[in-house]
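Down below is the structure, laid out as structure tokens.
The values are calculated or read from the model by the stated rules, or taken from the named source; none is laboratory data. Just so it is clear, the structure is predicted and the values come from calculations on it, not from any experiment. Cβ coordinates were reconstructed from backbone atoms using ideal geometry, including for glycine residues, and neighbour counts include every protein chain displayed.
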Amino acid sequence: MKPSHLAPLVALACVLLSCGGHQREGTSAAAVCLADEIGALELSPSIPSCSSRKVECELRCRLGEAGACLGIAYWAEKSSSPGELQGLYRRACLRGAANACTNYAATVWTGKTTEAQVDCARRTFEKACAVKEQFACGMVGRVMLESGGSPDYTAGRSYLQTSCDRIGGFSCRVLARHLESGNLGAYDPKVIPVLLKRACDGGDVYSCGNHPTAAETFN
């Protein structure tokens, strides 16, 4: 192959491998909360299938396409370590995919070890919720009610009710579950199927169908 034919391949390799001495994305993730780095977010980017087009997806991701970054993360879910997957979701979030921010924050919260990490997860969920990413909104409520030794049940109930009324989806299912727990005060049991239907109508497919309890949908 002639040298002139090598140039496009070298350029592509540099895009994929970050030539030029630049720090690769994710190397400072532990030191800086992602919520403080997030720019404009897109609620539903076009997500390509990357199972047989990984190089193409990687190139498109490096060029700033949020959906391609998220497609790589989805493709890697079955084969990557938790740390690697977290890094992929972080990168997709920084590219602007709101649901990637939700997934990243969920990996932080479920593996939480410090108050700072819990706070970072909540603030990241809040950034995604601000563009009406329904699962992020529900996760803010979960962090409020399921983290720490003395949750503010009144504030948690108010947040989830407002989010359910405004956006629907997952917030409604989380509210139903915590109402059933008895921690949020008195409620009419007839409201549970109403909340689950509102969750289903808002895109939370796990709420759909005839469920005797909201708790069952979390199993």
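Here is a check on your reading of the model: is Glu58 in a helix (DSSP H, G or I) and free of Cβ contacts under 8 Å to residues at least 24 places away in the same chain? Considered against the rule, which asks whether it is in a helix (DSSP H, G or I) and free of Cβ contacts under 8 Å to residues at least 24 places away in the same chain, Glu58 comes out as no. List the residue pairs whose Cβ atoms are under 7 Å apart, where the first residue sits in region 38-50 and is of a type in the set (D, E, K, R), the second is surrounded by 19 or more Cβ atoms within 10 Å (Cβ to Cβ) and in a loop (DSSP other than H, G, I, E, B), and the two are 6 or more positions apart or on different chains. Matching pairs, first to second residue: Glu42/Gly96. All conditions in (1) closer than 24 Å to Asp204 by Cβ; (2) free of Cβ contacts under 8 Å to residues at least 60 places away in the same chain; (3) in a helix (DSSP H, G or I) hold for Ala35, with the sole exception of (2). Of the listed requirements (1) in a helix (DSSP H, G or I); (2) assigned by TED's automatic domain parsing to the domain that holds Gly39, Thr162 misses just one: (2).
Checking the condition touching a residue at least 24 places away in the same chain (Cβ under 8 Å), assigned by TED's automatic domain parsing to the domain that holds Val191 and not in a helix (DSSP H, G or I), which residue from Gly138, Gly168 passes? Within the list Gly138, Gly168, the selection yields Gly168. Here Leu179 meets each of (1) over 17 Å from the mean Cα position of the chain (by Cα); (2) surrounded by 16 or more Cβ atoms within 10 Å (Cβ to Cβ); (3) under 30 Å from Leu41 (Cα atoms) with one exception, condition (3). Scanning region 198-219 for residues that are free of Cβ contacts under 8 Å to residues at least 60 places away in the same chain and closer than 21 Å to Ala136 by Cβ gives Arg198, Ala199, Cys200, Asp201, Val205, Tyr206, Ser207, Cys208, Ala214, Thr217, Phe218.
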